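What follows is a single structure, written as structure tokens, with notes after it.
Quick note: the coordinates plus some simple rules give every number you see, no bench work behind them. Given the structure is predicted, the values throughout are model-derived calculations rather than measurements. Because the Cβ atoms are built from the backbone with ideal geometry, glycine has one as well, and the counts that use them run over all protein chains shown.
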Amino acid sequence: MQALYAQLLVGLINGSFYALLSLGLAVIFGMLNIINFAHGALYMMGAFVAYFLLDLGGINYWWALLIAPIIVGIFGMILERTMLQWLTGLDHLYGLLLTFGIALIVQGVFQNYFGSSGLPYAIPDQLKGGMNLGFMFLPVYRGWVVIFSLVVCLATWFLIEKTRLGAYLRAATENPTLVRAFGINVPRMITLTYGLGVGLAALAGVLSAPINQVRPLMGADLIIVVFAVVVIGGMGSIMGSIITGFALGVIEGLTKYFYPEASNTVVFVLMVLVLLVKPTGLTGRAA
Amino acid sequence: MKTRSLASFLLGTALTLAAAGIASAQDKTVKIGALSDQSGLYADLGGPGSTLAAQMAVEDSGLAAKGWKIDIVSGDHQNKPDIGTAIARQWFDVDKVDVIVDVPNSGVALAVNNVVKEKNGVYINSGAATSDLTNAQCSPNTVHWTYDTYMLAHTTGQALVKAGGDTWFFLTADYAFGAALERDTTSVITANGGKVVGGVKHPLNTPDFSSFLLQAQASKAKIIGLANAGGDTTNSIKQAAEFGIVKGGQKLAALLLFLTDVKAIGLETAQGLNFTETFYWDMNDQTRAFSKRFAERMKNNAPPTMVQAGVYAGLRHYFKALEAIGGNPHDGAKVVEKMKSMPTEDDLFGKGEIQPNGRTIHNAYLFEVKKPSESKGPWDFYKLVGTVPGDQAFTPLSESKCSLLKK
């Protein structure tokens with residue numbers, strides 16, 4: 001029974017990565033209608049930027065949490081300005097292919113320079129160690145990841161669903177011409193939104209750097225699962241992707257306990273089941 | 001008409017046979033296929049570095065000056081047996097490759113083993129671990145150079161059990177290699193009076209080990225055996241430190257650890273780990289000299305791993321055999337037979353031999369990862385703890401199930 005609690009908690013920790021990543025994807029799809037396959041590569045860039053900040057500039061983890069998403073976010077905005085914006089109004093497939101290509105190039109460049117086995121990034125001193133919860137040993141850093149991701153997820157949800165800015169944004173995706181008539185710069189808003197989504201990916205990258213190796217393929221390994229999360233939650237639904245992210249982390253954790261061999265596939269089995277019953281995903285609306 | 005056609009037929013046949021005879025005696029062309037994981041979790045320990053090692057073996061052999069023409073092609077098997085065998089077939093059928101080298105990932109290695117046998121090529125495997133290559137699935141065309149699961153189990157495994165680690169829990173990569181390593185280590189543990197109290201099989205290339213590590217922790221086993229490799233091993237070690245496993249009194253056994261893995265984990269986390277390799281760049285003057293030349297040509301100035309060293313040494317021995325034959329007969333079994341008949345000796349692995357089952361025998365070394373304070377340079381990672389002579393480290397012929405031995 002104790003082991004079960006432990007697995008639930010571990011699942012929640014992994015779920016927080018899924019939630020953060022799928023949140024960024026959902027924001028980008030919901031607002032821009034782009035299926036952002038470069039998300040994994042941008043997550044990886046977040047981890048690498050954190051590594052460089054520490055290794056070359058001596059800038060610690062806490063600053064990296066702020067600076068890395070900004071740097072990668074700016075990179076994302078440049079991508080949007082120079083490439084993605086031309087896809088407005090075209091079929092989803094074009095965006096998917098373009099971002100997939102970008103992901104391959106970015107990963108290839110990193111792999112060429114840094115190899116495949118990864119770079120070490122230490123846990124910050126303040127978050128080292130762990131505590132004994134009775135049923136498991138909880139590393140402080142993992143606890144921090146859950147709390148921090150929850151706060152970021154809820155803040156993003158609040159920003160988009162409850163604020164005036166978010167209302168403009170949602171209106172702009174429904175009817176850009178009308179919103180522009182009110183004097184709002186829609187293209188700039190879209191660029192900033194893409195930047196925000198990308199920044200969320202990079203933030204997840206920084207969070208994951210001390211736990212996993214900083215590797216060029218760290219995003220490629222994760223992105224398919226994250227896409228499954230977004231699809232199960234309902235494409236573009238913010239709350240749906242947050243809840244599904246955490247829930248799938250837990251389900252995966254339980255699978256690792258009861259039947260570890262299936263832990264890499266359980267998410268996809270679930271995806272099939274959900275799509276059979278509800279093709280729009282759990283919280284998605286019909287397009 | 002009839003006599004003329006018969007005469008021309010006979011003449012033609014005679015000419016063809018003569019040409020073939022000359023070709024087999026004097027053909028001095030060789031084509032090498034370096035098949036590796038070029039982009040995945042084993043790319044740093046083999047990959048482009050293995051191709052460079054093959055290139056250096058060609059250059060150092062001095063055969064070009066003697067009129068030989070040697071080409072190298074390289075391929076990426078992506079850790080998938082179907083892709084590996086497809087490349088191997090293409091190489092033999094279309095590109096006329098004579099010898100395939102490296103091939104890490106036991107699943108791919110065993111699949112390619114069958115293709116090489118079928119096509120009568122030469123297979124010098126350095127990267128794969130499974131001892132089945134020279135045991136149940138041995139082939140007259142295969143030489144297994146660097147290391148194998150039997151050796152890892154009988155060096156690291158045995159040393160740890162004898163040091164008091166009598167209860168084990170395994171984290172095992174769920175494919176041919178993990179299964180072989182767990183099987184071989186388990187037999188060593190039980191033979192030495194220890195016990196395996198549990199284990200978990202994880203999918204290849206798993207980013208998160210926390211669930212598995214919690215199970216290992218709960219098992220209260222004294223030793224947690226890592227029957228995995230590359231990125232899987234580095235992630236398990238890093239996360240084990242995070243979960244306080246070593247501080248809690250359990251010990252990690254990295255049954256297979258490479259130089260590049262230690263680099264990726266960092267000495268801070270990796271210090272004190274015990275493991276076995278058959279080559280380390282800082283062993284002696286010869287290995288240092290080779291490693292310096294190698295590192296100068298590597299992108300990140302990395303010295304060779306034991307897998308890359310094995311590619312070099314294996315090919316050097318292959319060239320010696322070809323020279324002894326006096327040309328390339330393009331007959332894999334014949335070349336391998338010649339390789340087995342000559343003792344091996346090179347700068348990297350020292351003296352040794354290739355047994356009739358294809359297993360190369362040389363010394364194995366028990367190492368310990370240095371503390372950060374003991375390390376003097378960017379790749380100064382290992383302390384030598386002990387040396388195990390080849391005849392004790394590898395499968396004794398009396399225990400081998402290889403069908404080649406029954407003749």
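If you wrap a convex hull around the Cα atoms of the stretch B:297-345, how much volume per residue is inside, in Å³?
Normalising the Cα hull of the stretch B:297-345 by residue number yields 104 Å³.
Could you work out the percent of alpha carbon pairs in the stretch A:1-119 separated by over 18 Å, rounded to a whole number?
Pairs farther apart than 18 Å: 61 percent.
What average number of partner chain Cβ atoms lie no more than 10 Å from the Cβ of the residues making up A:108-119?
6
Could you work out the mean projected area of the convex hull around the alpha carbons of the stretch B:199-269, in square nanometres to one decimal?
Average of the hull's projected areas for the stretch B:199-269 equals 4.3 nm².
How do B:Asp95, B:Asp346, B:Asp261, B:Asp166 rank when sorted from fewest to most other Cβ atoms within 10 Å of their own Cβ?
Final ranking by Cβ density, sparse to dense: B:Asp95, B:Asp166, B:Asp346, B:Asp261.
Give me the net charge for the shell around A:Leu87: Cβ to Cβ below 13 angstrom, other residues only, Lys and Arg +1, Asp and Glu -1.
Charge balance in the 13 Å sphere: -1.
Pop the C-beta distance of B:Ala218 and A:Asn60 into the FRET formula with R0 = 45 Å and round what comes out to the nearest 0.05.
0.85
Which translational diffusion coefficient, to the nearest whole µm²/s, is obtained for the stretch A:1-48 from the Stokes-Einstein equation, given a Kirkwood hydrodynamic radius over C-alpha pairs, 37 °C and 0.692 mPa s?
Details: Rh = 12.4 Å.
Using the Kirkwood radius from Cα pairs, D works out to 265 µm²/s.
About its Cα centre, how strong a charge dipole does chain A have in debye, to the nearest 20, once Lys and Arg get +1 and Asp and Glu get -1 at the Cβ?
The calculated dipole for chain A is roughly 480 debye.
May I ask for the distance between the Cα centers of the stretch A:140-164 and the stretch A:60-107, given as a whole number of Å?
22 Å
Under 11 Å from the 7 Å Cα→Cβ point of B:Glu296, by amide nitrogen: which residues of the stretch B:41-71?
none
Work out, step by step, the length gained on full extension between B:Lys247 and B:Ala191: first 0.36 nm times the residue separation, then minus their alpha carbon distance; give nm to one decimal. Display every interim value, and only then the final one.
Working: separation 56, 0.36 × 56 = 20.16 nm, distance 2.85 nm.
Between B:Lys247 and B:Ala191, full extension yields an extra 17.3 nm.
Can you give the direction-averaged projected area of the convex hull of the alpha-carbon atoms in the protein assembly as shown, in nm²?
37.9 nm²
How far is helix A:2-32 tilted, in degrees, relative to the longest principal axis of the Cα atoms in chain A, given as a value from 0 to 90 rounded to the nearest 10?
Tilt relative to chain A: about 20 degrees.
As I understand it, the value is the acute angle between the Cα axis of helix A:61-82 and the longest principal axis of the Cα atoms of chain A; what does it come to in degrees, rounded to 10?
Relative to chain A, helix A:61-82 is tipped by roughly 30 degrees.
Going by amide H atoms built from the backbone, whose H comes under 5 Å of the H on B:Glu353, apart from near neighbours?
Result for B:Glu353 returns B:Thr344, B:Ile361.
Based only on other Cβ atoms within 10 Å, what is the fewest-to-most ordering of B:Arg183, A:Arg170, A:Arg188?
Sorted ascending by nearby Cβ count, the order is A:Arg188, A:Arg170, B:Arg183.
Suppose only helical runs count, i.e. DSSP H with n ≥ 4. What mean residue ellipticity at 222 nm does that imply for chain B under -39500 (n - 2.57) per run, divided by all residues and rounded to the nearest 500 deg cm²/dmol?
The helix-only estimate for chain B comes to -13000 deg cm²/dmol at 222 nm.
To check my understanding: the extent here is largest minus smallest coordinate of the Cα atoms along each principal axis. What are those three numbers for the stretch A:169-236, in Å, largest first?
Result for the stretch A:169-236: principal-axis Cα extents of 48, 24, 15 Å.
What pairs from B:Lys31/B:Lys406; B:Lys222/B:Lys383; B:Lys31/B:Lys401; B:Lys247/B:Lys371; B:Lys96/B:Lys351; B:Lys195/B:Lys251 go past 25 Å between their alpha carbons?
B:Lys31/B:Lys406; B:Lys31/B:Lys401; B:Lys96/B:Lys351
What average count of beta carbons from other chains do you get within 10 Å of the Cβ of residues in B:228-236? Can you show the working numbers first?
Working: counts 0, 0, 3, 9, 0, 1, 6, 5, 0.
The shielding value for this peptide is 3.
Using only Cα atoms and rounding to the nearest 10 degrees, what angle (0 to 90) does helix B:176-191 make with the longest principal axis of chain B?
The two axes meet at around 60 degrees.
Would you mind pulling out the separation of the Cα centroids of the stretch B:197-266 and the stretch A:216-255, in Å?
A separation of 25 Å, based on Cα centres.
Where does the stretch A:118-210 land on the Kirkwood hydrodynamic radius, alpha-carbon pairs, in angstrom? Please report the intermediate quantities before stating the final value.
Working: mean 1/r = 0.0620 Å⁻¹.
With all distinct Cα pairs of the stretch A:118-210 included, I get 16.1 Å.
P(r) tail for the stretch B:123-203, what percent of Cα pairs lie past 20 Å?
Everything past 20 Å amounts to 36 percent.
Label-point separation (nm) for B:Ala65 and B:Glu337, each offset 7 Å from Cα along Cα-to-Cβ?
3.2 nm
For the pair A:Asp125 and B:Glu353, how long in nm is the line joining their label points, each one 7 Å along Cα→Cβ?
So the two model labels end up 5.8 nm from each other.
Quick one: if the Förster radius is 51 Å, what FRET efficiency do B:Glu118 and A:Leu178 give, using the C-beta to C-beta distance and rounding to 0.05?
Values: r = 69 Å, r/R0 = 1.35.
It comes out at approximately 0.15.
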